[in-house]
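All of the numbers you see were taken from the coordinates with simple rules; none came from a lab. This one's a predicted model, so the numbers in the text were calculated from it and none came from an experiment. As a convention, Cβ positions derive from the backbone with ideal geometry for all residues, glycine included, and neighbour counts pool all protein chains shown.
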Amino acid sequence: MSSKEVANAFRWYRAFTKHRGLGRELTHAARYTNFSLQHAWGKFDCQTQLLTREAFVPLMKRNPEVFDCDIANFHPVYFSLMKPSGDIYPEAVAATKAASQLAEKEALKEEQTK
């Protein structure tokens, strides 16, 4: 690099420092953003619910009578454009239906005995 080029670089540097406006004050965290839009996703934060569902599904399969009132509101979440053709756990759904029918029959018997 010649002395003319170095002098020219310093000249431009001095010119830019004279006319530089006040810069925006950025916090340390704002400099390194991953553009994840946390402010927008805050209301859609459903990680806890998804993890709870993931933990409850095997339990629902083993003991459907414990969760029979919740299974009706336990709609599956699909992360695909294609939906499955059948139930995920057909035996759990069948056991739940049988348990609810049995509970209805017992409730009818109690009403008739009163």
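What the table shows:
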quantity	calculated
Among 98-108, 5-15, 54-64, the order from most to least packed when residues are scored by Cβ within 10 Å on average	54-64, 98-108, 5-15
Extended-chain gain in nm, criterion 0.36 nm per residue less alpha-carbon gap, Ser3 and Lys109	27.8 nm
FRET efficiency for Val66 and Cys46, using Cβ-Cβ distance with R0 set to 30 Å, rounded to 0.05	0.80
